[in-house]
Amino acid sequence: MDIGAGTGYPAGALSNFSPHAFVFEGVECASMEGLLQSFKFDKEHIQVVVCKMVGLAAKFRGKKRNKAWKSRQTLWWKGQAYDRRGPEYQALLDRAYRAMYEQNDSFRRALAASGKSVLTHSIGWNKEVDTVLTEREFCSRLTALREELLRPAQQPRRKNT
């Protein structure tokens, strides 16, 4: 299933452009795209504004900062600098997707509706130096969250008597 804005359900609803509202570490986010684009700004008050954006508006707002973050390979969240290729940044992405997963029912429904499909994002970038989120980083997080969501509830073990 190739995820992308403007595609059919559930692939379109799994796009970072989709308006899935959630709160991330005290900041209201209207979409994952808004949050991801906000990482390009080192000023917290601008991050708060960008987090409230959805879709192309968020993408274009962040695009103005591409040269700045790419030259340093540094991203920001709430005053803290993150090395784009560092484990701390990966942990930040994990927390972000977890927050959206836990707080947004429509995102979870779309994730469940994707069933066992292999998730892809053919328009995504593959090199970390070029993007705040590679296709692999994106699809692997969605797949892991979906596996968690679809995992059967653990049945209590019965003691042999």
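The values are calculated or read from the model by the stated rules, or taken from the named source; none is laboratory data. What you see is a predicted model, and the numbers here were worked out from it, not measured in a lab. Cβ atoms come from the backbone with ideal geometry, glycine included; neighbour counts cover every protein chain shown. Areas reflect the complete protein model, heavy atoms only, side chains present, ligands, DNA and RNA absent. Shrake-Rupley method; radii C 1.70, N 1.55, O 1.52, S 1.80 Å.
First compute the accessible area of the chain with a 1.4 Å probe, then give the percent of it belonging to carbon and sulfur atoms.
53
Mind giving me the nanometre distance, one decimal, between the label points for Ala81 and Ala144, set 7 Å out from Cα along Cα→Cβ?
Going by the 7 Å Cα→Cβ label model, 2.6 nm.
Can you give me the long-range amide H partners of Cys29? Hydrogens built in the peptide plane at 1.01 Å from N, cutoff under 5 Å, separation of 5 or more residues or another chain.
For Cys29, whose amide H was placed from the backbone, the distant partners under 5 Å are Phe22, Val23, Phe24.
Under 15 Å between alpha carbons, and skipping anything fewer than 8 positions from Lys67 in its own chain: which aspartates and glutamates qualify?
Asp42, Glu128, Asp130
Picking from Leu93, Leu14, Leu150, which is most flexible by a Gaussian network model of the chain using Cα springs under 10 Å?
Leu150
In a shell of Cβ-Cβ distance under 12 Å around Thr74, excluding Thr74 itself, what net charge do Lys and Arg (+1) and Asp and Glu (-1) give?
After counting each charged neighbour, the total is +3.
When the chain is fully extended, how far beyond the present Cα-Cα distance does Trp125 get from Asp105, taking 0.36 nm per residue of separation?
Numbers: separation 20, 0.36 × 20 = 7.20 nm, distance 2.77 nm.
The span from Trp125 to Asp105 would gain 4.4 nm if fully extended.
Work through the residues other than Thr131 whose Cβ is under 13 Å from its Cβ and net out their charges, Lys, Arg +1 and Asp, Glu -1.
Net of charged neighbours comes to +4.
At a threshold of 8 angstrom on Cα-Cα distance, excluding pairs fewer than six apart, so keeping six or more, what relative contact order does the chain reach in percent?
For the chain, the relative contact order is 23 percent.
For helix 135-150, what angle does its Cα long axis make with the longest principal axis of the chain, in degrees from 0 to 90 and rounded to 10?
Tilt relative to the chain: about 30 degrees.
Is any residue of region 43-61 close enough, with backbone N under 19 Å, to a label point placed 7 angstrom from the Cα of Ala68 along the Cα-Cβ axis, and if so, which?
Correct set: 43-54, 57-61.
What relative contact order, as a whole-number percentage, does region 7-74 give when Cα pairs under 8 Å and 6 or more residues apart are counted? Please report the intermediate quantities before stating the final value.
Numbers: 94 pairs, mean separation 18.8, N = 68.
It rounds to 28 percent for region 7-74.
For Lys52, go through the lysines and keep the ones whose alpha-carbon is under 22 Å away, minus same-chain ones fewer than eight residues off.
Straight-line reach from Lys52, under 22 Å: Lys40, Lys43, Lys63, Lys64, Lys78.
Would you mind working out the accessible area per residue for the chain, using a 1.4 Å probe, and quoting it in Å²? Present the calculation step by step, with values, prior to reporting the outcome.
Working: 9010 Å² over 161 residues.
That works out to 56 Å² per residue.
Can you work out D for the chain in µm² s⁻¹ from Stokes-Einstein, where Rh is the Kirkwood radius over C-alpha pairs, the temperature is 20 °C and the viscosity is 1.002 mPa s?
In µm²/s, the coefficient rounds to 131.
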